[in-house]
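What follows is a short report on a single structure.
The values are calculated or read from the model by the stated rules, or taken from the named source; none is laboratory data. In this text, all values refer to a predicted model and were calculated from it rather than measured experimentally. Ideal geometry is used to build each Cβ from the backbone, glycine not excepted, and the neighbour counts take in all protein chains shown. We work out accessible area using only protein heavy atoms, side chains counted, and drop any ligands, DNA or RNA first. Shrake-Rupley method; radii C 1.70, N 1.55, O 1.52, S 1.80 Å.
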Amino acid sequence: MKNFYLSILILAIAALACGSGTPSIPPAPQNSVFDSTETTYGFFPSPPEVTLESVFQNFKNIAKHGDFVLIQQNANWEDFVNGVDGESQNRTDIINQVILTRQNNLEYIFVLDALNGLNRREFSGLPAGWDASFANPDIRAAYKNYALWVVRNFHPRYLGLASEINAYMDAYPDDAQNFISLYNEIYVLVKSDAPETQIFVTFQWDDLNNMFPQPEEGNRQKFDVNWEQIEAFEPNLDIWAISTYPYFIFPSGSEIPVDYYTPLLLRTSKLVAVAEGGFSTETFNQLTNTPEDQVAYLNAIHNQLGSRLVFWVNTLMSDFNIDSYAKEMGNSEDASMLGNFAYIGLQNFDGTAKPALELWDSFRGE
């Protein structure tokens, strides 16, 4: 399963919205929701349409129905290869996204991303001539500096150092150890600067369960979890975080097994998180789903993981207007891929609520 994230597009819009230069970041909320022992709820900042108005309204909607924004930005390798500090459009884009978050009295969680959101088996945006390997000293230096810049400037409570890393580990087992060693080096550096920061990577749960047959999986069967891929990061894994899009596997939400997610709680005593996920509510391509399926999905997550869920991201607040995005993307194949994820919002793209929104709000105590 291929995931998506149009971070460059979204951040460019945010930059336009906030203006040029490097404005000051509003202070954090006086009482952080992260100090609570309850689950916190959030969304990616991806707006339903590619307009400034849609960006601003999306943040307002998130503030009504969530506690934080998940900021997941690809590494800009050349910006950070020579050091932590500096000025660049990439840095300004991230700062502007944080400003929009703070202006709406929201918290944020960071996930750094080295890989292509449409294909987790590829690096994103490597400069020409760079070796695509986590053994590459330039990649290692840039990723370390990127992490330190985020920590020193934004002091996130939760920091992810990769997204759906098991897909890359499946494809390149020989390079997996190079990433793990890089993760451990960054873990030590961040903890020396900010010991309270909780550090993790995310794992694609449906793939971790071998629900998508791949040649490299050999004779492994469905529901035979690749625990070794998670445990390779121990003991330096503060949270076990997953992504999940089970509508690619189960035709309806009611078909999600009652013990699909509970193995996480049996395998670790640590807190767990859903760092992205959702269930489609519309017919698109080969998918045939309904709003009721989304309700069943939310109940599955809540019932199976709720007792230890530290944070939960439903990837979209509102559905995408595919026509709006396709016009900007200019690539019919990517637009079609994006359409597979376009209807996982808790609202339709026109802002009307789906049945799942009331359930989500009830989990938050609203």
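Numbers at a glance
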| read-out | value |
| --- | --- |
| Under-5 Å amide H pairs with Arg120, H placed in peptide plane, nonlocal only | Asn3 |
| For Phe349, residues with placed amide H under 5 Å, excluding near neighbours | Asp319 |
| Extreme residue, positive dipole direction of the chain, given options Leu189, Ser24, Gly160 (C-beta unit charges) | Ser24 |
| Simple Cβ-charge dipole of the chain, Lys/Arg +1 and Asp/Glu -1, about Cα centre, in debye nearest 20 | 620 |
| 19 Å Cα cut-off, lysine pairs counted over the chain (separation 8 or more, or different chains) | 5 |
| Measure of compaction for segment 196-275 (Cα Rg per 2.2 N^0.38 Å) | 1.14 |
| For Lys60, solvent-accessible area (1.4 Å; no DNA, RNA or ligand), Å² | 110 |
| Student exercise, segment 61-128 dipole from Lys, Arg, Asp, Glu Cβ charges, in Debye to nearest 20 | 280 |
| Karplus (6.51, -1.76, 1.60) ³J(HN,Hα), θ = phi - 60°, over segment 159-169, in Hz, Gly and Pro reported as x | 9, x, 9, 5, 10, 6, 5, 5, 5, 6, 5 |
| Probe 1.4 Å, protein heavy atoms only - accessible area per residue of the chain in square angstrom | 40 |
| Residue-by-residue Karplus 3J(HN,Hα) for segment 72-82, coefficients 6.51, -1.76, 1.60, Hz, glycine and proline x | 10, 10, 4, 5, 9, 4, 5, 5, 10, 5, 9 |
| Cβ-placed point charges (K, R +1; D, E -1), dipole of segment 166-230 about Cα centre in debye, nearest 20 | 140 |
| Derived scalar couplings ³J(HN,Hα) [segment 245-251; Karplus, 6.51 cos²θ - 1.76 cosθ + 1.60; whole Hz; x for Gly, Pro] | 9, x, 5, 6, 10, 9, x |
| Amide H within-cut-off set for Phe284, under 5 Å, with H built and near neighbours excluded | Asn289 |
